[in-house]
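To start, the structure under review is shown below, and the notes come after it.
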Amino acid sequence: MTKKRDMRFLCYPYMREEGSVVDFEIRTDSLAVRIGQAAGLVDSYPREKALLLQLTEYAYHLNGSVRGEQAIGQEALQWLSDVYDQYEVEVREDIQQFLLPQGSYAASALHIARSEAKKSVRALHFVRLERDVPKILMDYIHLLANVLFLLAVYINKQEGVNEIPFKSQSYPKKRGRKE
């Protein structure tokens, strides 16, 4: 008789696997958790709460799209692009410069989720060094990071929190720009 493995001692079945897919899946799991956390902080904004819950689901679809069936397609990318366009109009004047990641608790959670999305981009890049990854997945995760940024700025705006511009002392001024 074969002894069944006790699942309470296994948090993730691929943990010992070599290769970058596991790291990508763990990163996107963290991304989904952070987006879900942000969704829990925007109860007074039902449209954004519903959007964030949808993005949490899409983060898990992205998660499985490398190892399993590709669940992120052109329709999902177009939907997210439309979301980007909608919020970019709302905060266009606020995002003309680099901003410090700060503000309300909800906006700060969105900035953390944005950072997780960027880490997921990097993890997916390493997967691409090992195997073919559809370009649409890279496009989607980059766009998701940018949408999360726009949402953070939008929530700050709704909460009456002023954005704080950041002026780098590390990068030179661009030619032709007056500051």
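Between PHE126 and LEU53, the distance separating the two model label sites (each 7 Å from Cα on the Cα→Cβ line) works out to 3.4 nm. A convex hull fitted to the Cα coordinates of region 19-110 yields 122 cubic angstrom per residue.
Each residue of the chain gets 176 Å³ once the volume of the Cα convex hull is shared out per residue.
Here the alpha carbons of region 75-127 define both size measures, Rg and Dmax, at 13.3, 36 Å. Across ILE164, ILE72, ILE35, mean-square fluctuation computed from a Gaussian network of the chain (C-alpha pairs under 10 Å connected) peaks at ILE164. Treating r as the C-beta distance of GLU88 and GLN169 and R0 as 35 Å, the FRET efficiency rounds to 0.80. Say the cut-off is 26 Å between C-alpha atoms; which of LYS49/LYS157; LYS119/LYS167; LYS4/LYS119; LYS135/LYS157; LYS118/LYS167 go over it? From LYS49/LYS157; LYS119/LYS167; LYS4/LYS119; LYS135/LYS157; LYS118/LYS167, over 26 Å: LYS4/LYS119; LYS135/LYS157.
Count Lys and Arg as plus one, Asp and Glu as minus one, and take only other residues whose Cβ is under 13 Å from that of LEU124; the net charge is then +2. The 1.4 Å probe gives accessible areas that order THR28, THR56, largest first, as THR56, THR28. Across the accessible surface of region 5-83, with the other protein chains kept in place and a 1.4 Å probe, carbon and sulfur atoms take up 51 percent.
These residues, LYS119, LYS4, go from largest to smallest accessible area, 1.4 Å probe, as LYS4, LYS119.
The values are calculated or read from the model by the stated rules, or taken from the named source; none is laboratory data. Owing to the predicted nature of the structure, the values given are computational and were not obtained by experimental measurement. Virtual Cβ from ideal backbone geometry, glycine too; neighbours counted across all protein chains shown. For the accessible areas, the whole protein counts, side chains as well, though only heavy atoms, and no ligand, DNA or RNA atoms are used. Shrake-Rupley method; radii C 1.70, N 1.55, O 1.52, S 1.80 Å.
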